[in-house]
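The values are calculated or read from the model by the stated rules, or taken from the named source; none is laboratory data. Note that the coordinates shown come from a computational prediction; the quantities given were computed from them, not determined experimentally. Cβ: placed from backbone, ideal geometry, glycine included. Neighbour counts: every protein chain shown.
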Amino acid sequence: MTSTPSLSDPADLLARLIRCPSVTPAEGGALSALAAMLSPLGFSVERVTAREDGTPDVENLYARLGNDGPHLMFAGHTDVVPVGDEAQWTHPPFGAAVADGMMYGRGAVDMKGGIACFVAAVARYTARHGAPSGSISFLITGDEEGPAINGTPKLLDWAVSRGERWDAALVGEPTNPQALGDMIKIGRRGSLSGTLTVHGIQGHAAYPHLADNPVRGLLLLTTALMDPPFDAGTSDFQPSNLEVTTVDVGNPAVNVIPARATARFNIRFNDRWSADSLKAAIVDRLEKAAAAGPLRPDRDPVRYEIAWTERPSPVFLTRSNQLIASLSSAIAAVTGREPTLSTTGGTSDARFIKDHCPVVEFGLVGQTMHMVDERVALSDLETLTGVYLAFLERWFDQEGSTHAAA
């Protein structure tokens, strides 16, 4: 099988994708552009629209090359965050302009660039080796930057219902802090969010004895949430960390003591915790703090309630030595760097994929993601394509040997 030159050129592929204004949840033409790249390479391509009441419909894409194992999944997303103030951009955010060796555009790094590089790597692989001794699939969502409800989770369910199974997955998120080859993500911390509401008694600010100010209680309880630390970290993960992210009393009047005060918080937690054990620890802290500190002397304990987000993200760690070794070796061979194996950063769709197969993440340098003038060096596109090609060669060689021995 041969490929056309454009399918081997990651810069050309990325330009096609950037020119599609696919701000979540709009498809914007990006999945159509990707399908047009994959079909000439022999992939069977299917478009899947996922729906759920109260959420926007989302278009997704699943493509597969080959009919048997070993089966490698490449996962990612074509949706992007809004551009912000377009007037602040040096080049149009959906123009894919090139200047001084950089391509500008929303999604250049996060993560249309990773998708373009993997398509180019597959094109080069098939031109050099023919069809792989197994299968390659693309699992691409349009809902990663949004609520992640009608994207990867439902696309995975759809694929599994059709009999799809995978031996390993690579997510092309931008993982490198400074330079290509710095870091592979082999896991992610869990994420849990909640809303804390403290109830008081509304009244005149000049007559505090007739009221109960809930702000006092909110300060007391949020302090208890943040201090002391939940743990000191583990061998594979940073310390768990809770941050209060919003505080609100809904009160436009400066001379009125509010009736209630709310705070939202998020905690990123390591493998010492599950979502349930962490909830129990948080409630224990709140109970002790509420009992110890009434809003005013000789008053009842602080009255509060807590509401949890419906979908906490679990902590996970990939332990597939073969997958990690194949990728690490490819990175070292192409970049000369030994990548750090990390679990830092936020969540990604790898948290859904880990329930189906071992998963790692490796992509571009993430310094400009979500920023004005998001951009990627053309040289980095070529280097990442080389890494992905070397990874494909190593992974199919190792997996093919394993399957043959079995």
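So here's what we get for this one:
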item: Arg285 vs. criteria over 25 Å from Gly203 (Cβ atoms) and buried (at least 16 other Cβ atoms within 10 Å of the Cβ); result: yes
item: Among the candidates Ser44, Ser32, residue that is without any contact (Cβ under 8 Å) to a residue 24 or more places away in the chain, of a type in the set (S, T, N, Q), assigned by TED's automatic domain parsing to the domain that holds Asp110 and closer than 14 Å to Lys112 by Cβ; result: Ser32
item: Residue in region 77-95 that is assigned by TED's automatic domain parsing to the domain that holds Asp9 and closer than 21 Å to Cys357 by Cβ present; result: yes
item: Residue count, region 51-96 (criterion: among the charged types (D, E, K, R), under 19 Å from Gly28 (Cα atoms) and surrounded by fewer than 15 Cβ atoms within 10 Å (Cβ to Cβ)); result: 3
item: Residue selected from region 196-208 under the condition surrounded by 15 or more Cβ atoms within 10 Å (Cβ to Cβ) and out of contact with any Pro (no Cβ under 9 Å at 6 or more places or on another chain), by the criterion nearest to Leu221 (Cα to Cα); result: Leu196
item: Residue identified as without any contact (Cβ under 8 Å) to a residue 60 or more places away in the chain and in contact with a Gly (Cβ under 8 Å, 6 or more places away or on another chain) among Pro301, Pro312; result: Pro301
item: Number of positions in region 149-183 that are surrounded by fewer than 22 Cβ atoms within 10 Å (Cβ to Cβ) and in contact with a Leu (Cβ under 9 Å, 6 or more places away or on another chain); result: 3
item: Any pair with Cβ under 6 angstrom, 6 or more apart, that starts in region 216-233 at a residue that is over 17 Å from Arg268 (Cβ atoms) and ends at one that is in a helix (DSSP H, G or I) and among the basic types (Lys, Arg); result: Ala224/Arg285
item: Selected residue [over 21 Å from the mean Cα position of the chain (by Cα), part of a loop (DSSP other than H, G, I, E, B) and surrounded by 19 or more Cβ atoms within 10 Å (Cβ to Cβ)] from Phe230, Phe237; result: Phe230
item: Any chance Ala11 is assigned by TED's automatic domain parsing to the domain that holds Trp395, within 21 Å of Gly172 (Cβ to Cβ) and among the small types (Gly, Ala, Ser); result: yes
item: Every residue from region 308-337 that is surrounded by 15 or more Cβ atoms within 10 Å (Cβ to Cβ) and over 30 Å from Ala275 (Cα atoms); result: Ser326, Leu327, Ser328, Ser329, Ala330, Ile331, Ala332, Val334, Thr335, Arg337
